[in-house]
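Written below as structure tokens is the structure these notes are about.
Every number in this text was worked out from the coordinates using simple rules, so none of it is lab data. Values in this document were obtained by computation on a predicted structure and should not be read as measured data. Quick reminder, even Gly has a Cβ in these numbers, built from the backbone with ideal geometry, and neighbours come from all protein chains shown.
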Amino acid sequence: MGAVVERFVDDTAEPAVRGRLHRPATPAEDALVLLHGAGSNCDAPLLVEVVGAFADAGFTVLRCDLPFRQARRHGPPGAGDPARDREGLRRAVEAARQFAPGRVFLGGHSYGGRQATILAAEDPALIQGLLLLSYPLHPPRRPAELRTAHFARLRTPALFVHGTRDPFGSIEEMRAALALIPAPVELVAIEGAGHDLGRSGAAQRAVEEFQKFVR
């Protein structure tokens, strides 16, 4: 018997938490909150695949829409959105705690993962680990515009899953950037995958490597 998937809404405070909750067949100790990238939502194929693999492995998983996506169905986040999105991440972590007595992990694809790392740098005690899928190290073809200003303050263990053909950062660039992080980090390279990690087996690989990383 597989995981039970149910709609999840917590609008008791702002910003609201809205998405899907995946409960594994047997009671879970640990929970994972997973967020989407700038151009998608919580129903993105990659997120659905990754969340399903984690639920099958025994995690309670909450995948939810960031506040900017709740506000509008299409388009990227605007200049004023990141701070509110991070507050949405914080509320999602708090919501996930009620479903698992153990650790709570936080992660996301691209923009969602970047906001998760910034939040963890701001509040090191919030979560026990990070899962970053296709971290957007820099905009495509603009390698000088690194998104690493907060890396030196990151104290949360972090696993990065990254395609070898990702235009937002090469594997070599990622290795150099992760050296700035004082916390335990690991980089998992997915051969031949682009930014969407599509059709690469990345979901199962992420589960296997993350379980070893946080063990």
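Membrane-span-like helices in the chain, defined here as complete DSSP H runs extending at least 15 Å along the helix axis by their C-alpha atoms with mean Kyte-Doolittle hydropathy no lower than -0.5, are 45-56, 111-122, 202-214; this is a sequence and geometry rule, not a statement about a membrane. Rounded to the nearest 500, the 222 nm mean residue ellipticity of the chain from helices alone is -9500 deg cm²/dmol, with -39,500 (n - 2.57) taken per DSSP H run of at least 4 residues.
Computed with the Debye formula from one identical point scatterer per Cα of the chain, without solvent, the log10 of I(q)/I(0) at q = 0.16 Å⁻¹ comes to -1.04.
Tell me, what is the percent relative contact order of the chain, built from C-alpha pairs under 8 Å that lie six or more residues apart?
About 17 percent, as a whole number.
The modelled label-to-label distance between Arg165 and Val214, using points 7 Å beyond Cα along the C-beta direction, is 3.1 nm. If the elastic network links every pair of Cα atoms under 10 Å, which of Asp11, Asp196, Asp166 fluctuates the most in the Gaussian network model of the chain? Between Asp11, Asp196, Asp166, it is Asp11 that shows the largest mean-square fluctuation. DSSP beta bridges confined to the chain are antiparallel in about 30 percent of cases.
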